Amino acid sequence: MKRLAPELRKDGVELDLISLIRTILAACKDISFRVGQADLSGVLGSTLNENIQGETQKKLDILSNQLLKDMLLESGFVRAIASEEEDYIVEGEHGGRFLVAFDPLDGSSNIDVNSLTGTIFSILPVPEDKLDGTPITEQDFLQPGRNQVAAGYVMYGPSTILALTTGKGVDFYTLDKTHGSFLKTRDNIAIPEETKEFAINSSNQHKWDIPMQRYIRDILDGKAGIRGKNFNMRWIACMVGDVHRILCRGGIFTYPAHTDNPEKPNKLRLLYEANPMGMLVEQAGGLVSTGEQNILDLQPTELHERVPVILGSKQEVKICLDYHNQ
Ligand code: F6P
Ligand code: MN
C-alpha cells in the first residue's frame, strides 16, 4: 500500500513533528507548574524506588515521567517512548511516525533545594520498516544522534525556557506564565567560538584520565601558564543549566570518564542527554565529542548507555581534544 507523504510546513518541517513538540510543551508546562509548587503540594523528596540505573527516584522524577509518557503516547504522533525513568521502552496504541527519548527531570539533586532542573528530549523517526505497524523494539531507538529530527530542553529556572532545534539552528522560547504559551524570544543562537569559562565537577579530579588531568591543570595555571589567560569555573549540577549558559555566552562543559570504576566509567546518558544536547550545540555552531569521536556519530548499543561528554565553544573543545589526541 502506498503511504501518503507527510504534510510539511512552509519551512519544510513536518506538521506532525510540530504537533508532537506542542505535546511535549503541554507536558512541560504542567511540570513547570508542579516544580514551582514544590512544598506547597508535597512533591519534594524521594520515593522508595530505584530506576534501572540504581538511582533513587524523586517524587518529581516520577510525576514528570508520567506526564510526558501519558501525553506523548496518547497524542497519536508517537509510536513509542524511552525514558531515564523507564527500564524498557513503552509502545503506545495510537500509532505515529516518531520515537521520543527523554530525561523527564534532569538535575535531580537540585529538586529539593529549589535550584535549576529541566526536561531533555530527543525525537527520532520510526524506522521505515516499522511504519506498517510492526512492533517497535529497543533496537529501533538505537539510532545515531545524527538521525534526530528535533531535540531540545525545557529549563525550569526563574523563567521557563525552551531551547529547540529541528535541524535549522536553535531558537529560545520563554513560557509566558500569564497566558500559558511559549513565545519565541531569541533566534539563531550562536555559541562564541572562544571562551574563558569551563564547567566540570572538579571533586572527581582524582578519577579523570591523563588527558583531562593535563587539560584542566593548564587551565588552572591561568595567565602565567601555557594557556596565557585566566579562566572562570561554573558547575550547576544540572546539564540543562550548564548547556543553557553555554548556548547563551559560550564555554566548555565536560563530564569525563572516571577511571576508578571500570564497570560504570561514565555518567551521562547517550540517548536522552548527550545526543539531544549534542544536536543543540552543533546547531548553534559548537562542537561535541566523547574525547575520541563526535557524539552524534556514535552507534548506540543499549538504551541507557552512558558516554563521556565534552561540548561547547568550538575552539576550546578543539583544544581539549588536542590533549586527548596527543
Ligand atoms: O543527569 C545527570 C546529571 O544530573 C546532569 O544533569 C549533571 O550535569 C550531572 O549529572 C551532575 O553530576 P554530579 O552530581 O556528579 O555533579
Ligand atoms: Mn539527567
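Nothing in this text is a laboratory measurement; each read-out follows from the coordinates by a stated rule. All of these numbers come straight from a predicted model, not from anything done at the bench. Methodologically, a virtual Cβ is constructed for each residue, glycine included, from the backbone with ideal geometry; neighbour enumeration extends over all protein chains shown.
One table, with the values for the structure above:
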read-out: Calculated Rg and Dmax of segment 184-326 using C-alpha coordinates, Å; value: 14.5, 45
read-out: Over the chain: helical MRE at 222 nm, DSSP H runs n ≥ 4 each giving -39500 (n - 2.57), nearest 500; value: -8000 deg cm²/dmol
read-out: Helix 15-37 vs. the chain, principal-axis angle (Cα, 0 to 90°, nearest 10); value: 70 degrees
read-out: Cβ crowding within 10 Å averaged over residues, with 117-127, 9-19 ranked highest first; value: 117-127, 9-19
read-out: Whichever aspartates and glutamates have a C-alpha closer than 12 Å to that of LYS184, once near sequence neighbours (fewer than 8 apart) are set aside; value: ASP171, ASP176
read-out: Highest average packing first - 183-193, 20-30, Cβ atoms within 10 Å; value: 20-30, 183-193
read-out: Sequence ranges 270-279, 139-148, ranked by mean other-Cβ count within 10 angstrom, highest first; value: 270-279, 139-148
read-out: Charge context of GLY167, other residues only, Cβ under 15 angstrom, K/R +1, D/E -1; value: -2
read-out: Within-11-Å neighbourhood charge of LEU298 [Cβ basis; K, R +1; D, E -1]; value: -2
read-out: On Cα atoms only, tilt of 314-325 relative to the major axis of the chain in degrees; value: 70 degrees
read-out: Nearest 10 degrees, 0 to 90: helix 210-220 Cα axis against the chain principal axis; value: 70 degrees
read-out: Pairwise label distance in nanometres, ASN294 with ILE226, each label 7 Å out on the Cα-Cβ vector; value: 2.7 nm
read-out: Lysine pairs in segment 197-325 with Cα atoms under 28 Å, if 8 or more residues apart or on separate chains; value: 13
